[in-house]
1. Averaged over every viewing direction, what's the projected area of the C-alpha convex hull for segment 1-93? Give it in nm², one decimal, please.
2. Please list the helices of the chain that count as membrane-span-like by this rule: a mean Kyte-Doolittle hydropathy of at least 0.0 together with Cα atoms stretching 18 Å or more along the helix axis, each helix being a complete DSSP H run.
3. Give me the dipole magnitude in Debye, nearest 20, for the chain about the Cα centre, with unit charges on the beta carbon: positive for Lys and Arg, negative for Asp and Glu.
4. Quote the relative contact order of segment 154-250 in percent (integer), defining contacts as alpha-carbon pairs under 8 Å separated by 6+ residues.
5. Describe numerically, in nm with one decimal, the distance between label points set 7 Å from Cα along Cα→Cβ at SER177 and at VAL97.
6. With a cut-off of at most 16 other beta carbons within 10 Å, and DSSP calling the residue loop, which GluC sites (Glu not before Pro) in segment 1-109 qualify? Please list them.
7. Once you keep just the Cα pairs under 8 angstrom separated by 6 or more residues, what percentage relative contact order results for segment 21-142?
8. Rounded to the nearest 500, what is the 222 nm mean residue ellipticity of the chain from helices alone, with -39500 (n - 2.57) per DSSP H run of 4+ residues and division by all residues?
Amino acid sequence: MDSLSKNKVKAANKKLYNAIASKYDEIDGRRSLELRSWIKETLAQLKAKGGGDKLLDLGTGSGLITSCAENIFSTRIGVDISSEILKLNRSKPCSSVVSDVDKLPFKSNSFDVITCFAVLHHLYNFEDLVKEISRVLKPGGVFYSDHDMEALFYKRFWPILKLYRIFHDASKRYQESSDKISKEMYDLTEVHENGINSTELTSLFNNNGFNIIIKYHWYGLSNITDKLFAKKCFLSGFAPLMTITAVKEH
Ligand SMILES: C[S@@+](CC[C@H](N)C(=O)[O-])C[C@H]1O[C@@H](n2cnc3c(N)ncnc32)[C@H](O)[C@@H]1O
């Protein structure tokens, strides 16, 4: 494993999200009432599936998931590598813990549900993460991740995506919002901007004692795609976003 690159990616995430914290919600944009209501529905289903009341949200940022989880989970803990972005989490009562997702400061078998929203593509690799999820989740507990792109979709549609990125330059938006953010730093944080290999991820979860299902969809990206594709599921390679549901075996 290239631990130097891995540490560089973590350091870049910490610096970028510390720098952007106060403007993150505005720049990220994914905050519509429709999206929040979809997240709430999803969290209620996850609670029923996980069979308990304790939620851990990884890479929680300003608390999109933990705030949607109010009135659904009685224990809600969000962890993030950026201490500044955690200060923005106003959902109460909710604990915020500064931590790297690769080394979670919790006892084994502590949580019924673990969520991870738009975070996987910021991680250099997933081996330590999956081991930690497997350790802190109770047997029968559920891991849920969403809003990361699948590699096969990029492979199939890369010319269109490249063109899209010329007109919707997220890197420029981040750099313009803080002089502490460079292009190199942004690129390091978007380490999987061309997608995550869902086959490799499936093997990793299976090898760590999970039953995993991955679905592919377009929901929550923009008003136009929400109208065109709604919440429909597509075959792998025909929708950008991956929904991962992984249940820890008893
Ligand atoms: C795109 S934001 C998503 C935030 C939130 N989940 C949301 O959907 O609004 C990615 C978050 O992952 C965090 N992050 C990146 N690498 C991390 C790591 N190794 N450990 C913990 N958090 C990390 C970042 O600091 C950032 O807050």
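1. Numbers: hull surface 28.5 nm².
Dividing the Cα hull surface by four gives the mean projection, 7.1 nm².
2. Numbers: long enough: 3-20 (25 Å, -0.62); 33-50 (25 Å, -0.34); 151-167 (22 Å, 0.51).
Span-like helices in the chain: 151-167.
3. Working: 35 positive and 30 negative charges, 68 e Å.
Computed about the Cα centre, the dipole is about 320 debye.
4. Values: 86 pairs, mean separation 23.6, N = 97.
Worked out over segment 154-250, it gives 24 percent.
5. Each label point is offset 7 Å from its Cα along the Cβ direction, giving 2.7 nm.
6. Numbers: sites: GLU26, GLU34, GLU41, GLU70, GLU84; in loops: GLU70.
In loop regions of segment 1-109 (DSSP not H, G, I, E or B), the sparsely surrounded GluC sites (Glu not before Pro) are GLU70.
7. Numbers: 210 pairs, mean separation 32.3, N = 122.
The value is 26 percent.
8. Details: 11 runs with 109 residues, N = 250.
Result for the chain, helices only: -13000 deg cm²/dmol.
Any read-out appearing in this document is the output of simple, stated calculations on the displayed coordinates, not a laboratory observation. Not measured: the values here are computed from a predicted model. Every residue, glycine as well, gets a Cβ built from its backbone with ideal geometry; the counts of neighbours run over all protein chains shown.
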